[in-house]
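Peer 1: This is the structure, below, for whatever I ask next.
Please treat every number below as a calculation from the coordinates, not as lab data. Just so it is clear, the model here is predicted, and its values are computed rather than measured. Don't worry about glycine lacking a Cβ; one is built from the backbone with ideal geometry, like all the others, and counts go over all protein chains shown.
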Amino acid sequence: MKRIRCSSSLCDQFLSSSRQIVPRPRITVTAKGPLLTSHTRALSTTPVRSQYYEKPINPYEPAPGEPLPRARNPLNSAKLAALHARLSLHPSYPIQTLARALIDQSADPIRFYNNSSLAYLGNSLLGYYGAEHFMCTYPRLPTLVLKSAMAAFVGPRPLAAIGREWGVETAFEPTPDVDAGLLQFKRLPPGTTVKGHLRPARSEGVPEEEAMANFVRATFAGVYLHEGVAASRQFFRQHVMSRKLDVDQLFNFVQPTRELSRLCAREGFTPPVARLISETGRMSRSPVFIVGVYSGQECLGQGHGASMDEARIRAAVNALKGWYLYSPANPVDLPSKMDVDPAASFAPAMIDVGEVIV
Amino acid sequence: MNCPDISSRESITRGEATSRRLTKKLRLGPHPSMIVGGHGGVAPTASPAINHIIHNPPSAAPSVFATPNLFLPKEDPRRDALLAIGDSKARAKLPPPVKRPYEKNYHLGEAEIAEMRTLRAENPNKWTRGKLAEEFGTSRFFAGMVAETTAARKEEMQGRLATIKSRWGKIRTNARFERTRRRAGWGGADGQ
Amino acid sequence: MPVTALRAVSKAQNGVGAFVLQCKRLDFHYCDWAGASRGMKSFIAHKLADFAKANPQIEITVSPRPNQHPIIRGSYINGREKVICVRKLDHLQILQKAELLRNSSGQKLKKFSKPVKSMNEGVRGIFSPYHGEKHVI
């Protein structure tokens, strides 16, 4: 890729003018200092970080004294401004943080300039909000299904999909002259194994999916840091929980009839009995049987099938799904509600004894 | 005279507009089950004064998200509401069971189980699962579970099964494979 | 063995929670010399700034395209592009075309034979003759 450099006089002129025009970032808390660094780095021509640590060798880094290309300045990127508006981020969310969220660890190994710390925070928050949502909505969900449901919303694949649906494009190579609004990461050579112990180190490169997921996590962390808890909860609801997932399609029972029978014994219900509700074409090529599982007078679940066995097993599966997918009638309060307002009233969630062990 | 009969002419004369015949008469009223207080298609004269619920379950397989009454916790408000509806309905006759229901009698003790194991170990070819089940009045599943056969017999039976399978043709092998695959999907993996 | 879980990925439903405008970039191309670009140049000079201000979620670029017809090129989140030639159009007509590109989803045009398309199943399920109250004739 051809590297484009501005002539130093032009760039100096630009930098001096932009210093006058550009307002100060609206961060006043000193504890949030590292978030500012992207801004500082883009605008200053002198290396400011050498006083903190030894500068590692980075082939993409301009030499000291050499001005950064104009494209790298977050305030000049039309893509970044458009992305900021597209996500309806609050004006208190600085463009510089969004620019930092787009720089992967493989593009810039220095943690003050890449999104690794933001992505770590974002991942914890996403996991927290996802877990509390499912544990309060479906208190009886088995552990494996709960994990699968969470992975369907806050795992790397859905997060990378969210990033692509936000219209984020990737830079071909993380050189300093690329637009600050592009996702910058080092690509793996084609054919590299990314699973298991053969996976190369992060500095060698990362898959696009991972880099994109980390960007989404980092953006989410930015919402939490700059806009607050209430805004991050809303952002989670709007961008993550608004997606569609059929939770009932995540179950795979190995011995459903046995599990249902164990459940009824555990809970003290009458042992389940499969009953034939209706049927058609028993002697034909395509029969249909409808079987219901009853505990006493109560029908627990119904199943259909081309054989009585199939219908009976499906009925047991549906009965078990009916148990595990119980959701409280009155909406329970999520624990993160108290993060917003500690004085608010709180209706605790139901806690179940756990899944059936067979 | 060759004059048409007046009475027959009247019978073919239609006094009804085509639009009425084809559209208005074909409009169906609401199903009786949807009319509050109505019976047999007779609409009530006035709307009910208080809030009401039309309980009209759909002609469809029940959704797994509608938790059965029995599975609702004691403190769930839906439990009482559903119990009230259930009580108002007459207890319907239950459909016939798929398999003949039986009582588990738990009549075998440690001594009997030990005897089953001894018999099985002495002569596994004679005391098969079926024989043991018949002798002790239990199920083949239970007999196989408590008194496992010897490793030598297991190996022999598996060898016999392998010989039988080796004689199967392409069609039968494939059919058995497909049947196993379909069976594995009933637990929810086939997405139905 | 107890219940195991199947893997799935949630599907996006744009507009159910947040709405993300599908048009991500509009490129305006004009020619300095040709008369067909007169309207486009007028649009860029007088209307484009307001249009850009009203639509901050769209990245807007302006570039010359000498000796060619003036065009507007819209790039969409699904990776597709839509190009409209605005030759000899006046600035108001060009504004209409830009709004058309902004409002477009980027999908290929297709005829919808069913008015409603949904990922959710019906509230009353799929009719089955084997369930519910049996109809007595």
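Peer 1: Determine, from the Cβ-Cβ distance of B:LEU161 and A:THR270 and an R0 of 30 Å, the FRET efficiency 1/(1 + (r/R0)^6), rounded to the nearest 0.05.
Peer 2: So, using R0 = 30 Å, E works out to roughly 0.15.
Peer 1: Same structure, new question: Looking at segment B:89-192, which GluC sites (Glu not before Pro) are DSSP coil and have at most 16 other C-beta atoms within 10 Å of their C-beta? Mind dumping the intermediate values first?
Peer 2: Values: sites: B:GLU103, B:GLU110, B:GLU112, B:GLU115, B:GLU122, B:GLU134, B:GLU135, B:GLU148, B:GLU155, B:GLU156, B:GLU178; in loops: B:GLU103, B:GLU148.
Within segment B:89-192, the qualifying GluC sites (Glu not before Pro) (loop, at most 16 other Cβ atoms within 10 Å) are B:GLU103, B:GLU148.
Peer 1: Please work out whether segment A:230-358 counts as rounded, prolate or oblate from its C-alpha gyration tensor, where a ≥ b ≥ c are the square roots of the eigenvalues and a/c under 1.5 means rounded, while otherwise a/b larger than b/c means prolate and anything else oblate?
Peer 2: Because a/c hits 1.5 or more and a/b exceeds b/c, segment A:230-358 counts as prolate.
Peer 1: Please compute the net charge surrounding A:ASP341, taking Lys and Arg as +1 and Asp and Glu as -1 over other residues with Cβ under 12 Å from its Cβ.
Peer 2: Combined, the nearby Lys, Arg, Asp and Glu give 0.
Peer 1: For labels at C:LYS41 and A:VAL353 in the simple 7 Å Cα→Cβ model, what's the distance in nm?
Peer 2: 8.4
Peer 1: While we're looking at this one, here's another question. Quickly work out the B:SER139-to-C:SER63 label distance, labels modelled 7 Å from Cα along the C-beta direction, and quote it in nm with one decimal.
Peer 2: According to this spin-label approximation, the distance is 7.4 nm.
Peer 1: Just to confirm a number: summing +1 for Lys and Arg and -1 for Asp and Glu over residues other than A:GLU310 whose beta-carbon lies under 10 angstrom from that of A:GLU310, what do you get?
Peer 2: Spelling it out: positives minus negatives among the neighbours equals +3.
Peer 1: Continuing with this model, one more query. Can you list which of the GluC sites (Glu not before Pro) found in segment C:34-133 are DSSP loop residues with at most 13 other C-beta atoms within 10 Å?
Peer 2: Passing sites in segment C:34-133 are C:GLU121, C:GLU133.
Peer 1: In the structure displayed, which of A:LYS337/C:LYS108; B:LYS74/C:LYS117; A:LYS79/C:LYS47 lie more than 31 Å apart, Cα to Cα?
Peer 2: With Cα atoms farther than 31 Å apart: A:LYS337/C:LYS108; B:LYS74/C:LYS117.
Peer 1: Here's another thing I want to ask about it. Can you list the lysines whose alpha carbon sits under 23 Å from that of B:LYS104, skipping same-chain ones fewer than 8 residues off?
Peer 2: B:LYS131
Peer 1: Here is a further query. Students often forget the sequence filter, so: which lysines lie under 26 Å Cα-Cα from C:LYS111 once same-chain residues fewer than 8 apart are removed?
Peer 2: Result set, ordered by chain and number: A:LYS244, C:LYS11, C:LYS24, C:LYS82, C:LYS97.
Peer 1: Using the Cβ atoms and a cut-off under 14 Å, what net charge is assigned to the surroundings of C:ASN103, where Lys and Arg are +1 and Asp and Glu are -1?
Peer 2: Spelling it out: positives minus negatives among the neighbours equals +3.
Peer 1: Once both labels are modelled 7 Å past Cα along the beta-carbon direction, what's the C:MET119-C:VAL136 spacing in nm?
Peer 2: Inter-label distance under the simple model: 4.5 nm.
Peer 1: Still on this model: Given charges of +1 on the Cβ of Lys and Arg and -1 on the Cβ of Asp and Glu, with all other atoms neutral, how large is the dipole of segment B:107-149 about its Cα centre, in debye to the nearest 20?
Peer 2: With only Lys, Arg, Asp and Glu charged at Cβ, the dipole is about 220 debye.
Peer 1: Would you mind getting me the FRET efficiency between C:TRP33 and C:LEU100? Use the beta-carbon distance for r and R0 = 22 Å, nearest 0.05.
Peer 2: 0.25
Peer 1: Still on this structure: Between A:ARG202 and A:LYS244, what FRET efficiency follows from the Cβ-Cβ distance if R0 is 51 Å, with the result rounded to 0.05? The partial results should precede the final answer.
Peer 2: Details: r = 33 Å, r/R0 = 0.64.
FRET efficiency, A:ARG202 to A:LYS244: 0.95.
Peer 1: Aspartates and glutamates within cross-link reach of B:LYS170: Cα-Cα under 18 Å, excluding same-chain residues under 8 positions apart?
Peer 2: B:GLU178
Peer 1: HN-Hα J couplings of segment B:14-26 from phi, Karplus 6.51/-1.76/1.60, θ = phi - 60°, integer Hz, Gly and Pro as x?
Peer 2: My calculation for segment B:14-26 gives 9, x, 10, 5, 4, 4, 5, 5, 8, 10, 5, 6, 7 Hz in order.
Peer 1: Which chymotrypsin sites (Phe, Trp or Tyr not before Pro) from segment C:27-60 combine a DSSP loop assignment with at most 12 other Cβ atoms within 10 Å?
Peer 2: Taking segment C:27-60 and a limit of 12 other Cβ atoms within 10 Å, the loop chymotrypsin sites (Phe, Trp or Tyr not before Pro) found are C:TRP33.
Peer 1: Okay, moving on. Have a look at C:VAL9, C:LEU95, C:ILE60 and report the one farthest towards the positive end of the charge dipole of segment C:1-121, computed about the Cα centre with Cβ charges (Lys/Arg +1, Asp/Glu -1).
Peer 2: Value: C:VAL9.
Peer 1: Once the piece of chain linking B:LEU26 and B:LEU83 is laid out straight, how much longer is it, given 0.36 nm per residue of separation minus the C-alpha distance between them?
Peer 2: Extending this stretch completely gives an extra 16.6 nm.
Peer 1: Let me ask you something else. Please list, ordered by chain and number, the residues whose modelled amide H lies under 5 Å from the amide H of A:GLU298; skip anything fewer than 5 residues away on the same chain.
Peer 2: Result for A:GLU298 returns nothing.
Peer 1: To the nearest 20 debye, what is the magnitude of the charge dipole of chain C about its Cα centre, counting +1 on the Cβ of each Lys and Arg and -1 on the Cβ of each Asp and Glu?
Peer 2: Rounded to the nearest 20 debye, it is 340 debye.
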